[in-house]
Structures are given as structure tokens and as C-alpha cells.
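Peer 1: Encoded as C-alpha cells, here's the structure I'll be asking about.
Each reported figure results from applying straightforward, stated rules to the coordinates on display, with no laboratory input. None of these values were measured; they are calculated from a predicted model. Glycine gets a Cβ as well: all are built from the backbone with ideal geometry, and neighbour counts include every protein chain shown.
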Amino acid sequence: MRNKFDTFYLSSNKLDKEWVIVDVDGGTLGRVASKIAAILRGKNKSNFQPNMDNGDYVVVINAGKVKVTGRKTQDKLYHKYTGFPGGINTTNFQDMMNTKPERALEIAVKSMLPKGRMGRQLYRNLHIYGGSEHPHIAQKPKQVVL
């Protein structure tokens, strides 16, 4: 019998991970990314524990239609370093959306997850697609409105 002062710890075999689908059409990049990161971590659940992966699997559609405010389409820069001297590649938000529309949202969500093993494990539960089609119909994802 449980004492009222006992601390409740969720065991890994009692996790209730679900598949959710998020449509980010017309949403703001940072606001959408923070809500997706909270769902990935499981902060929207009553049994949240910071040391466990009890978040849901997230399928994001229409990532190519996410927006930013102000002049960030030209001013927001993404850097990638090749590892060689002088090997830094820089691209702005508009070019990123033209070439790889889902990459901007991936970078935003990944930077909001914890760093280390837990963050890498949570990042694997994220599936982002630039259009409205996705191959996860068999998992029967629930629609989530942000």
C-alpha cells in the first residue's frame, strides 16, 4: 500500500506514448517550435518527469508554410561549419525555406530540447514534412491544435 508521502516514479513499461499530428500552416516559427518541444518532452502530461522520455511522437505537416515576423526572412541566418578552415556556410531563412522547408523548424525544435542523451532520444520522436502528406497514417495520429 502506498503511503501519501511516497514519491511516485513512472516506470518505463507504463508509458502511454501516442502519435499526434500538428499542422503548422501559418504559425510563427518560435511559438510553434516551443509547443512542439513541450509535447516531445511530455510537459503537457500530468505524469511528467524530467529524466524520462514520456512525451509523444509528433508528426508535423505543412512545415514549409511556417512564418516569421519582421525582417527575419532576410536577417535570420543559419550557420553550418564543415570542419575545415574557412568552411562556414551561411544561409538566411528565405533561402532555407526555398531549398529545405522543414529544416528551419527542425533546428528550432532541436535547440529547445535538452542537450545530451535525452535530447537526442527525444529528437528521434519528431517527424517533419514540408507538405501536407505524411507516411504515418498507420499509426492513427491524433490531431493537435496549437
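Peer 1: Can you give me the long-range amide H partners of I128? Hydrogens built in the peptide plane at 1.01 Å from N, cutoff under 5 Å, separation of 5 or more residues or another chain.
Peer 2: Under 5 Å from the amide H of I128 lie the amide H atoms of V60, each far enough along the sequence or on another chain.
Peer 1: Can you tell me the order of 22-34, 128-140 when each peptide is scored by its average per-residue count of other Cβ atoms within 10 angstrom, highest first?
Peer 2: Ranked by mean Cβ neighbours within 10 Å, highest first: 22-34, 128-140.
Peer 1: Sort 117-126, 104-113 by packing, meaning the average of other beta carbons within 10 Å per residue, with the highest value first. Could the numbers behind the result be given before it?
Peer 2: Details: 117-126: 14.9, 104-113: 18.3.
Result, highest mean Cβ count within 10 Å first: 104-113, 117-126.
Peer 1: Right, here's the next one. I need the calculated FRET efficiency for the pair S34 and N89, taking r as the beta carbon distance and R₀ as 25 Å, to the nearest 0.05. Write down the numbers at each step before the final one.
Peer 2: Working: r = 27 Å, r/R0 = 1.07.
That pair, S34 with N89, gives E of 0.40.
Peer 1: Taking Cα atoms, how many degrees apart are the long axis of helix 29-41 and the longest axis of the chain, rounded to 10 and kept between 0 and 90?
Peer 2: Between helix and principal axis, roughly 30 degrees.
Peer 1: By its C-alpha gyration tensor, with a ≥ b ≥ c as the square roots of the eigenvalues, how is region 2-80 shaped: rounded for a/c under 1.5, else prolate for a/b larger than b/c, else oblate?
Peer 2: Numbers: a/c = 3.32, a/b = 2.51, b/c = 1.32.
Prolate is the answer for region 2-80, as a/c is 1.5 or above and a/b outweighs b/c.
Peer 1: Turning to a different aspect of this structure: At most 16 other Cβ atoms within 10 Å and a DSSP loop assignment: could you name the chymotrypsin sites (Phe, Trp or Tyr not before Pro) in region 1-67 that fit?
Peer 2: Working: sites: F5, F8, Y9, W19, F48, Y57; in loops: F5, F8, Y9, F48.
Counting only loop positions with at most 16 other Cβ atoms within 10 Å, the chymotrypsin sites (Phe, Trp or Tyr not before Pro) in region 1-67 are F5, F8, Y9, F48.
Peer 1: Continuing with the same structure: Roughly how big is the chain's charge dipole about its Cα centre, with Cβ charges of +1 (Lys, Arg) and -1 (Asp, Glu), in debye to the nearest 20?
Peer 2: Values: 24 positive and 12 negative charges, 85 e Å.
My answer is approximately 420 debye.
Peer 1: A follow-up question, please. ³J(HN,Hα) across region 55-64 via Karplus (A = 6.51, B = -1.76, C = 1.60, θ = phi - 60°), whole Hz, x for Gly/Pro?
Peer 2: These are the phi-based 3J(HN,Hα) values: x, 9, 7, 10, 10, 10, 10, 6, 5, x Hz.
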